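Enquirer: Sharing a structure below in structure tokens format, with a few things to ask.
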Amino acid sequence: MTKIAVYHPYFGYGGSEIVCMHVLEALQKKYDVTLVTFTDPNLQEQNEHYKTNVNNIHTDQVGSFGPIVRRSLEISKMISGIQLGRLHAAVFDRLVRSWLVENFDLTFATGSELTIDGPSIQYIHYPWYGREKLPEELEHLSQWERLHDRLCESISGHEYSNISSKNIITNSDWTGEVVEQIYGISPKTIYPPVKTDDLYEVSWKERENGFVCIGRITPSKNIHRNIKIIDRLREKGHNVHLHIIGPISNGNYSQKICDLAEDRSYISLEGKVSRDRLVDLVCTHRYGIHGMENEHFGIAVAELVAAGTIPFVPNSGGQQEIVNREEQIIYDSVPSAMKKIDIVLSESDIQKSIKKGLPEIDEQFGPDRFKKKIRDVVAETLHD
């Protein structure tokens with residue numbers, strides 16, 4: 001049986017883990033699949049979290065390499081308070097890449113670019129290397145970030161020409177354009193899997209005239225801007241409210257958002273919620289709002305569309321593809337968002353038109369579609 005390594009060095013929770021778990025599930029019946037990682041994932045918990053059924057694979061930490069790298073990561077976090085996962089992943093890349101070629105017929109990397117001489121498929125969520133080649137509107141790198149990038153690149157033995165010759169997949173056409181700027185190749189887009197089977201239908205009339213936003217409470221998600229937009233809409237006479245869903249950290253930004261929410265009766269800071277609670281909120285509200293600029297894909301946006309909301313998104317990133325580049329719900333700034341949302345909230349015919357133009361999420365972004373495309377790419381690479 002053909003032996004495939006699904007290589008995901010740093011295993012936690014997030015968009016790359018969603019892809020990793022579904023790749024494992026897609027390939028486990030036909031191939032001898034091994035998850036190669038330096039972390040120690042609880043696959044049962046991952047299955048429950050992502051609603052997958054990964055049960056016929058091996059897990060390999062490459063002898064003592066993985067545990068040593070994982071322990072050094074834990075120590076560095078304990079000492080500095082900083083999670084240097086990418087740096088440790090670079091170390092693991094260098095340690096195991098020859099081993100991957102020697103022991104497997106194909107390596108499927110689901111975390112980032114991997115310099116490897118043997119056959120590989122690499123799913124890039126966003127490039128780890130070469131960010132200094134990107135324009136400033138995409139990357140504002142500090143001196144520390146530039147130094148960190150160069151250090152990771154040197155440790156991993158990253159080679160740009162090696163990546164350019166590999167079978168590369170990205171999570172959106174937008175990310176594909178970023179990859180092309182760095183590596184000079186045009187990758188294939190396979191959108192990540194979006195869970196939809198637990199969403200339920202609620203008529204537009206029965207939905208609350210409010211907004212939902214989903215994402216970690218961090219500066220990059222621009223939660224404060226979402227709140228400002230709701231403030232302005234209420235000043236203009238729209239009786240709307242906002243539910244903010246996402247993990248709350250102990251940082252200054254989270255405290256700022258907590259303070260803003262506490263001062264406003266129409267802002268509900270939900271924090272991290274169960275899947276059932278998230279589903280209830282998105283299925284019973286009319287609108288969604290997303291704040292992150294240059295979002296690589298935007299699973300939260302896809303969930304909002306699948307739940308039947310009209311989501312408003314920034315004019316950047318892969319999220320534009322999810323909403324079919326509908327200009328009436330893509331904004332550039334707070335004034336731009338205000339103008340567009342005011343029109344949509346005021347005109348029922350425009351609401352109907354926008355909803356009609358949004359994609360059928362399960363067909364374009366569902367898990368079954370994703371797994372079929374992954375199996376097709378693997379079969380083509382192996383000449384099955």
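The values are calculated or read from the model by the stated rules, or taken from the named source; none is laboratory data. Remember, it's a predicted structure, so these values are computed and weren't measured experimentally. Because the Cβ atoms are built from the backbone with ideal geometry, glycine has one as well, and the counts that use them run over all protein chains shown. Areas reflect the complete protein model, heavy atoms only, side chains present, ligands, DNA and RNA absent. Shrake-Rupley method; radii C 1.70, N 1.55, O 1.52, S 1.80 Å.
Enquirer: Among Gly291, Val19, Thr189, whose Cα lies farthest out toward the positive end of the dipole of the chain, if unit charges sit on the beta carbon of Lys, Arg (+1) and Asp, Glu (-1)?
Expert: Going by the Cα projections, it comes out as Gly291.
Enquirer: In whole Hz, what ³J(HN,Hα) sequence does region 207-219 give by Karplus (6.51, -1.76, 1.60; θ = phi - 60°), x for Gly and Pro?
Expert: My calculation for region 207-219 gives 7, 6, 7, x, 10, 10, 10, 10, x, 4, 7, 9, x Hz in order.
Enquirer: With unit charges on the beta carbons (Lys and Arg positive, Asp and Glu negative) and the dipole taken about the Cα centre of the chain, which residue among Val212, Ile163, Thr34 sits farthest to the positive side?
Expert: The Cα lying farthest towards the positive end belongs to Val212.
Enquirer: Still on this structure: Do any trypsin sites (Lys or Arg not before Pro) in region 168-254 lie in a DSSP loop with no more than 14 other beta carbon atoms within 10 Å, and if so, which?
Expert: Those that pass, being in a loop and sparsely packed, are Lys205, Lys236.
Enquirer: I would also like to ask the following. Ordered by residue, what ³J(HN,Hα) values in Hz, to whole numbers, does region 306-323 give under the Karplus form 6.51 cos²θ - 1.76 cosθ + 1.60, where θ = phi - 60° and Gly and Pro are x?
Expert: These are the phi-based 3J(HN,Hα) values: 4, 7, x, 7, 9, x, 9, 9, x, 7, 6, x, x, 4, 4, 5, 5, 9 Hz.
Enquirer: Further question: Considering only protein heavy atoms, what per residue accessible area in square angstrom results for the chain with a 1.4 angstrom probe?
Expert: 45 Å²
Enquirer: Something else about it: Quick one: Debye curve from the alpha-carbon atoms of region 119-178 only, equal weights, vacuum; give me log10 I(q)/I(0) at q = 0.15, 0.25, 0.26, 0.27 Å⁻¹ to two decimals.
Expert: Reported log10 I(q)/I(0), two decimals: -0.51, -1.21, -1.25, -1.28.
Enquirer: Still on this structure, please answer the following. What's the tally of Lys pairs in region 189-279 whose alpha-carbon atoms lie under 23 angstrom apart, where the two lysines are 8 or more places apart or on different chains?
Expert: 9
Enquirer: Taking the chain as a Gaussian network, where each spring joins two C-alpha atoms under 10 Å apart, which residue of Asp32, Asp280, Asp349 fluctuates the most?
Expert: Among Asp32, Asp280, Asp349, the largest mean-square fluctuation in the Gaussian network model of the chain belongs to Asp349.
Enquirer: Separate question: Just subtract the alpha-carbon distance of Lys228 and Asn315 from 0.36 nm times their residue separation and send over the number in nm, one decimal.
Expert: Length gained, Lys228 through Asn315: 29.6 nm.
Enquirer: Of Leu269, Ile310, Ala109, which is farthest along the charge dipole of the chain in the positive direction, counting Lys and Arg as +1 and Asp and Glu as -1 at C-beta?
Expert: The one lying farthest along the dipole's positive direction is Leu269.
Enquirer: List the residues whose amide H sits under 5 Å from the amide H of Ser120, counting only those 5 or more places along or on another chain, with H placed 1.01 Å from N in the peptide plane.
Expert: Residues meeting the criterion, in which the H sits 1.01 Å from N, are Thr107, Asn167.
Enquirer: Explain nothing, just the number: dipole magnitude of the chain about its Cα centre with +1 on each Lys and Arg Cβ and -1 on each Asp and Glu Cβ, in debye rounded to the nearest 20.
Expert: 420 debye
Enquirer: Then there is this: In region 305-367, which GluC sites (Glu not before Pro) fall in coil by DSSP and have 11 or fewer other Cβ atoms within 10 Å?
Expert: Glu360
Enquirer: Starting from the Cα of Asp198, move 7 Å in the Cα-to-Cβ direction to define the label point; list residues of region 247-280 whose amide nitrogen is under 16 Å from there.
Expert: Under 16 Å, as judged by backbone N against the label point of Asp198, lie 247, 272-280 of region 247-280.
Enquirer: Report in % the part of the accessible area of the chain that belongs to carbon and sulfur, leaving out ligands and nucleic acids; probe 1.4 Å.
Expert: Using a 1.4 Å probe with all protein chains present, the chain comes out at 47 percent carbon and sulfur.
Enquirer: Suppose a student asked you for the relative contact order of region 139-190, using Cα pairs under 8 Å spaced at least 6 residues apart; what percent would you report?
Expert: 30 percent
Enquirer: Okay, moving on. Summing -39500 (n - 2.57) over the DSSP H runs of n ≥ 4 in the chain and dividing by its residue number, what mean residue ellipticity at 222 nm do you reach, to the nearest 500 deg cm²/dmol?
Expert: -14000 deg cm²/dmol
Enquirer: Sticking with this structure for a sec: With each label point set 7 Å from Cα along the Cα-Cβ vector, what nm distance links Asp276 and Glu159?
Expert: 5.4 nm
Enquirer: Using Cα-Cα distances under 8 Å and only pairs 6 or more residues apart, what relative contact order does region 99-205 have, in percent?
Expert: After rounding, I find 24 percent.
Enquirer: Continuing with the same structure: Two decimals is fine: what is log10 I(q)/I(0) at q = 0.11 Å⁻¹ for region 218-291, from a Debye sum with one equal scatterer on every Cα and no solvent?
Expert: Computed log10 I(q)/I(0) values: -0.27.
Enquirer: Taking amide H atoms as placed 1.01 Å from N in the peptide plane, list the residues 5 or more away in sequence, or in a different chain, whose amide H sits under 5 Å from that of His243.
Expert: Excluding prolines and chain starts, which carry no amide H, the hits are Phe211, Val212, Cys213, Ser268.
Enquirer: Here's something else I'd like to know. Using Cα springs under 10 Å in a Gaussian network model of the chain, which residue among Ile299, Ile329, Ile343 shows the largest mean-square fluctuation?
Expert: Ile343
Enquirer: Next up: Got the relative contact order for the chain handy, in percent, Cα pairs under 8 Å and 6 or more residues apart?
Expert: Across the chain, relative contact order equals 14 percent.
Enquirer: Where does helix 223-235 land angle-wise versus the long Cα axis of the chain, in degrees 0 to 90, nearest 10?
Expert: Long axis of 223-235 versus the principal axis of the chain: about 10 degrees.
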